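Enquirer: Here's a structure for you.
The values are calculated or read from the model by the stated rules, or taken from the named source; none is laboratory data. Computed from a predicted structure; not experimentally measured. Backbone-built Cβ (ideal geometry, glycine too); neighbour counts: all protein chains shown.
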Amino acid sequence: MTSLDRLFDLLSEERRRYALYYLDQHDGPVSVDELAAQVAEWQADPGTVSIPEDTFNRIELELLHVDLPKASTATFVQYNPEERTVELTGPAPKFNAVISVAKIIERPDRGP
């Protein structure tokens, strides 16, 4: 079971929150490339037409080496570095409640 302190620690970084928001919208595994692309889009300034390759690469590396390994310490986050996939598996009710409220407040998917 994931404690509330651990959950808030996971949500303490914007990039990790955005990754968790995206994973929460999908059933099954998501590729790290797909996840990085969505996180990059949400972190970009509204109205940005395309994400520079160096920005995408930085976000992807940080997800691979920092955010996803840390997120996988939660029992409901399954990260497979060999296959470069990640998914949520039966999130705890605390996670569902907190992530729903955080996403509404933060609104990463806002339009320009």
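Enquirer: Restricting to the range 23-36, give me the number of residues that are at pLDDT 95 or above and part of a helix (DSSP H, G or I).
Expert: The initial filter retains those residues of the range 23-36 that are at pLDDT 95 or above, namely 29-36.
Now restrict to residues that are part of a helix (DSSP H, G or I): 32-36.
Count: 5.
Enquirer: Considering only residues of the range 76-106 that are assigned to a strand (DSSP E or B) and polar (S, T, N, Q), which is surrounded by the most Cβ atoms within 10 Å (Cβ to Cβ)? So that I can check it myself, show each step before the final result.
Expert: The first filter runs over the range 76-106 and keeps only residues assigned to a strand (DSSP E or B), leaving 77-80, 85-88.
Filter once more, so that each one left must be polar (S, T, N, Q): 78, 80, 85.
Values: GLN78: 16, ASN80: 13, THR85: 18.
This residue is THR85.
Enquirer: Only one of GLN25, GLN38 is within 15 Å of ARG107 (Cβ to Cβ) and either among the charged types (D, E, K, R) or crowded, with 18+ Cβ neighbours inside 10 Å (or both). Can you tell me which?
Expert: On the way: GLN25 fails: either among the charged types (D, E, K, R) or crowded, with 18+ Cβ neighbours inside 10 Å (or both).
Result: GLN38 is the single residue among GLN25, GLN38 that is within 15 Å of ARG107 (Cβ to Cβ) and either among the charged types (D, E, K, R) or crowded, with 18+ Cβ neighbours inside 10 Å (or both).
Enquirer: Is it true that SER50 is of a type in the set (Ser, Thr, Tyr), part of a helix (DSSP H, G or I) and more than 12 Å from the chain's Cα centre (by Cα)? Break it down stepwise before answering.
Expert: Details: of a type in the set (Ser, Thr, Tyr): yes; part of a helix (DSSP H, G or I): no; more than 12 Å from the chain's Cα centre (by Cα): yes.
No: the conditions fail for SER50.
Enquirer: Select, from ASP67, ASP109, the only residue that is assigned to a loop (DSSP other than H, G, I, E, B), surrounded by 13 or more Cβ atoms within 10 Å (Cβ to Cβ) and in contact (Cβ under 8 Å) with a residue 24 or more places away in the chain.
Expert: Working: ASP67 fails: assigned to a loop (DSSP other than H, G, I, E, B).
Every option except ASP109 fails the conditions.
Enquirer: Quick check, is GLY47 at pLDDT below 85, at positive phi and surrounded by fewer than 15 Cβ atoms within 10 Å (Cβ to Cβ)?
Expert: On the way: at pLDDT below 85: yes; at positive phi: yes; surrounded by fewer than 15 Cβ atoms within 10 Å (Cβ to Cβ): yes.
Yes: the conditions hold for GLY47.
Enquirer: Out of curiosity, is ARG84 on the phi > 0 side of the Ramachandran plot, without any contact (Cβ under 8 Å) to a residue 40 or more places away in the chain and not hydroxyl-bearing (Ser, Thr, Tyr)? Let's see the steps before the verdict.
Expert: Details: on the phi > 0 side of the Ramachandran plot: yes; without any contact (Cβ under 8 Å) to a residue 40 or more places away in the chain: no; not hydroxyl-bearing (Ser, Thr, Tyr): yes.
For ARG84, the condition - on the phi > 0 side of the Ramachandran plot, without any contact (Cβ under 8 Å) to a residue 40 or more places away in the chain and not hydroxyl-bearing (Ser, Thr, Tyr) - is not met.
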